[in-house]
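S.K.: Got a structure for you, written out below as structure tokens; questions coming shortly.
The values are calculated or read from the model by the stated rules, or taken from the named source; none is laboratory data. Remember, it's a predicted structure, so these values are computed and weren't measured experimentally. Don't worry about glycine lacking a Cβ; one is built from the backbone with ideal geometry, like all the others, and counts go over all protein chains shown. When the accessible area is computed, the model is the full protein with side chains, heavy atoms only, and any ligands, DNA or RNA have been set aside. Shrake-Rupley method; radii C 1.70, N 1.55, O 1.52, S 1.80 Å.
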Amino acid sequence: MRRVCLTVTGMCLIVLHAFSQTTPKDTGVYTPRALKLDEVEIVSSYYSQTADKSAVSGGQTGPMGDANVTDLSNGVELKFVGWDKHQGKNTLTAGLGYDAHTAASQAWVSKTGASKKSGNRIYPSLNWAHENALKGTGYELGSYYSTEYNYRSIGFDAGISQKTRDKNGEFSAKFTTYFDEVKLIYPSEFVKGLITNNTDSTIYITGYNGRSEAIPPGGTSKRDKKDVPSSPRDSYSASFSYSQVFNPRLQGSVELDLVEQTGYLGLPFHRVYFSNGQDTIEKLPSQRFKLPIGFRLNYFLGDNVILKAYYRFYIDDWGLRSHTASLEVPIKITPFFSVSPFYRYYVQTAVNYFAPFEKHLSTDTYYTSNYALAAFSANLFGAGIRLAPPKGILDKHFNTLELRYGHYTETTDLVSNVISLDLKFR
């Protein structure tokens, strides 16, 4: 946790210095002005997981089944706001995130347990939005990029929104595409092998690209990730929502997503063990269609309590069905301090292609032993606190602090904890 604190402290000092150089804001709501830094948000979280059925080891338990994970995530988002002469609000949001993780299961990509356990991910984003308050219209464009050792993703989205005539309802639609590349890093026993020449003890390695490399006694391989081929994975989604203010106390919305995925939809280092003891690589269909639909209701119970309820039903053509139900209750202790306990229940069926360790038949067309695709139920509960005094926290620009903690359990014996810190500066 010390690393989290040091990272957040450093970011805060930089942000406060940046705001201290700005001039007072123009308070005219529709006064034309160029884009100007309006808000900075810093989010930091720490995630810890214990589990014993790693997909890398084909769902088996024991040392190879160790699926413990830790993840430290930090992100910063800069929001610039400006107004045009037609009374339109323009918002440009730029974000940058960085994750560093350790995963015990990664070690067993090599059957000796010698693979690297740690990794990192970098993900910048850029979004532009325009809103016309008089007409009740809005539209936005976004772009995203994410890269880590075995995965690269580029995404784009476009969205529109329209309020009803009385401004109490709003329809929105967003269309998103992701173009991903999955590095085909196989378990060690499926990589083209090591051939030792008994005469001079030279080792010959045939790499992923088919080239052979001679390693003299005491030497090391010069192979790197550039030698590893990739396979594409594309995702297309259309998201639709309608929100409505029913009365001063009750608000609600309905959300529908249509998602189509094509390409390589498994992971090449996920093993599967057949009933005869033979191991192979996870094999899944090259297409998947997903259909989630969700409902939200927010009820203001007096001036100090809000009930936030959510339900989602999910179905896909791999045979997975799931239900999610959650309730969060923000309670305002003072005008600027609130506490928000929450609970979420989740249950799903297994996909048609899942079976546990050594339960698949070698005659199966598709197979996976990834417990994320198994049947299970899960519980998440926790609480958050939010501090937003009108005169700021320590500094007038530091206006919001939110801290959340969640504890998650699955019937697959997976247990995790996450704590996150969200800071906003205006």
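S.K.: Being of a type in the set (Asp, Glu) and under 23 Å from the mean Cα position of the chain (by Cα), is that true of even one residue in segment 273-288?
M.R.: Taking segment 273-288 and keeping what is of a type in the set (Asp, Glu), we get 279, 282.
Retained after the next criterion (residues that are under 23 Å from the mean Cα position of the chain (by Cα)): 282.
Looking for residues that are of a type in the set (Asp, Glu) and under 23 Å from the mean Cα position of the chain (by Cα), one finds at least one in segment 273-288, hence yes.
S.K.: Okay, moving on. Hey, could you check segment 324-340 for residues that are assigned to a strand (DSSP E or B) and of a type outside the set (Ser, Thr, Tyr) and say which is farthest from residue 305 (Cα to Cα)?
M.R.: Within segment 324-340, the subset assigned to a strand (DSSP E or B) is 324-328, 331-334, 337-340.
Applying the additional criterion that residues be of a type outside the set (Ser, Thr, Tyr) yields 325, 327-328, 331-333, 337, 339.
Values: 325: 20, 327: 13, 328: 10, 331: 5, 332: 6, 333: 9, 337: 12, 339: 10 Å.
Checked segment 324-340; the qualifying residue farthest from residue 305 (Cα to Cα) is 325.
S.K.: If residue 358 meets every condition in (1) in a loop (DSSP other than H, G, I, E, B); (2) of a type outside the set (A, V, I, L, M); (3) within 23 Å of residue 42 (Cα to Cα) apart from one, which number is that one?
M.R.: (3)
S.K.: Restricting the search to segment 24-62, which residues are open to solvent by less than 60 Å² (accessible area, probe 1.4 Å), part of a strand (DSSP E or B) and either under 30 Å from residue 280 (Cα atoms) or at pLDDT below 90 (or both)?
M.R.: The answer is 48, 49.
S.K.: Another question about this same structure. Only residues that are within 23 Å of residue 110 (Cβ to Cβ) and in a strand (DSSP E or B): list them for segment 279-307, please.
M.R.: Passing the criteria: 279, 280, 281, 283.
S.K.: Could I ask something else about it? State yes or no: is residue 70 under 30 Å from residue 115 (Cα atoms), touching a residue at least 40 places away in the same chain (Cβ under 8 Å) and of a type in the set (Val, Ile, Thr)? Talk me through it step by step, then tell me what you get.
M.R.: Values: under 30 Å from residue 115 (Cα atoms): yes; touching a residue at least 40 places away in the same chain (Cβ under 8 Å): no; of a type in the set (Val, Ile, Thr): yes.
For residue 70, the condition - under 30 Å from residue 115 (Cα atoms), touching a residue at least 40 places away in the same chain (Cβ under 8 Å) and of a type in the set (Val, Ile, Thr) - is not met.
S.K.: Is it the case that segment 85-108 has a residue that's among the β-branched types (Val, Ile, Thr), in contact with a strand residue (DSSP E or B) (Cβ under 9 Å, 6 or more places away or on another chain) and open to solvent by less than 40 Å² (accessible area, probe 1.4 Å)?
M.R.: yes
S.K.: Could you tell me which residue of segment 285-312 is least open to solvent (accessible area, probe 1.4 Å), considering only residues that are within 28 Å of residue 354 (Cβ to Cβ) and either in contact (Cβ under 8 Å) with a residue 60 or more places away in the chain or of a type in the set (Val, Ile, Thr) (or both)? Explain how you work it out, then say what you get.
M.R.: If we filter segment 285-312 for residues that are within 28 Å of residue 354 (Cβ to Cβ), which is where we start, we get 285-294, 310-312.
Those left that are additionally either in contact (Cβ under 8 Å) with a residue 60 or more places away in the chain or of a type in the set (Val, Ile, Thr) (or both): 285, 293.
On the way: 285: 15, 293: 54 Å².
Residue satisfying both the conditions and the ranking: 285.
S.K.: I would also like to ask the following. Please give the number of the condition residue 390 fails out of (1) part of a loop (DSSP other than H, G, I, E, B); (2) in contact with a strand residue (DSSP E or B) (Cβ under 8 Å, 6 or more places away or on another chain); (3) more than 27 Å from residue 286 (Cα to Cα); (4) not β-branched (Val, Ile, Thr).
M.R.: (2) is the only condition that residue 390 fails.
S.K.: Of everything in segment 225-278 that's in a helix (DSSP H, G or I) and loosely packed, with under 14 Cβ neighbours inside 10 Å, which residue is modelled with the lowest pLDDT?
M.R.: Taking segment 225-278 first, the residues in a helix (DSSP H, G or I) are 225-227.
Applying the additional criterion that residues be loosely packed, with under 14 Cβ neighbours inside 10 Å yields 225-226.
On the way: 225: 47, 226: 53.
By that ranking, first place goes to 225.
To keep it simple, each residue is scored yes or no on (1) open to solvent by 40 Å² or more (accessible area, probe 1.4 Å); (2) at pLDDT below 95.
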residue: 321; (1), (2): yes, no
residue: 335; (1), (2): yes, yes
residue: 370; (1), (2): no, no
residue: 374; (1), (2): no, no
residue: 379; (1), (2): yes, no
residue: 385; (1), (2): yes, no
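S.K.: How many residues does segment 63-84 contain that are touching a His at 6+ places or on another chain (Cβ under 6 Å) and either open to solvent by 50 Å² or more (accessible area, probe 1.4 Å) or farther than 23 Å from residue 121 by Cβ (or both)? Can you show your working first?
M.R.: So the first thing to find is which residues in segment 63-84 are touching a His at 6+ places or on another chain (Cβ under 6 Å), and the list is 71.
Next, only the ones that are either open to solvent by 50 Å² or more (accessible area, probe 1.4 Å) or farther than 23 Å from residue 121 by Cβ (or both) stay: none.
Residues that pass the stated criteria total 0.
S.K.: Only one residue in 253, 275 is touching a strand residue (DSSP E or B) at 6+ places or on another chain (Cβ under 6 Å) and farther than 19 Å from residue 235 by Cα, so which one is that?
M.R.: Values: 275 fails: touching a strand residue (DSSP E or B) at 6+ places or on another chain (Cβ under 6 Å).
After applying the criteria, what remains is 253.
S.K.: Return the total of residues in segment 56-82 being within 30 Å of residue 144 (Cα to Cα), among the small types (Gly, Ala, Ser) and more than 19 Å from the chain's Cα centre (by Cα). Full working, then the answer.
M.R.: Initial filter on segment 56-82 (within 30 Å of residue 144 (Cα to Cα)): 56, 67-82.
This time we only want the ones that are among the small types (Gly, Ala, Ser), so: 67, 73, 75, 82.
Still in the running and more than 19 Å from the chain's Cα centre (by Cα): 82.
Of the residues in that region, 1 qualify.
S.K.: Which numbered condition in (1) of a type outside the set (A, V, I, L, M, F, W, C); (2) touching an Asp or Glu at 6+ places or on another chain (Cβ under 9 Å); (3) crowded, with 17+ Cβ neighbours inside 10 Å; (4) closer than 27 Å to residue 306 by Cβ is the only one that residue 343 fails?
M.R.: (3)
S.K.: Considering (1) open to solvent by 40 Å² or more (accessible area, probe 1.4 Å); (2) in a helix (DSSP H, G or I), say which one residue 126 fails and leave the rest.
M.R.: (2)
S.K.: Need pairs with beta-carbon distance below 7 Å; first residue within 23 Å of residue 90 (Cα to Cα) and within segment 110-132, second outside any strand (DSSP E or B); sequence gap 6+ or separate chains.
M.R.: 132/87
S.K.: From 92, 72, which residue is assigned to a strand (DSSP E or B) and touching a Ser or Thr at 6+ places or on another chain (Cβ under 9 Å)? It would help to see each step written out before you state the result.
M.R.: Values: 92 fails: touching a Ser or Thr at 6+ places or on another chain (Cβ under 9 Å).
Result of the check over 92, 72: 72.
S.K.: Only one residue in 354, 398 is buried (at least 18 other Cβ atoms within 10 Å of the Cβ), modelled with pLDDT under 95 and of a type outside the set (Gly, Ala, Ser), so which one is that? So that I can check it myself, show each step before the final result.
M.R.: Numbers: 354 fails: modelled with pLDDT under 95.
Testing whether each residue is buried (at least 18 other Cβ atoms within 10 Å of the Cβ), modelled with pLDDT under 95 and of a type outside the set (Gly, Ala, Ser) leaves just 398.
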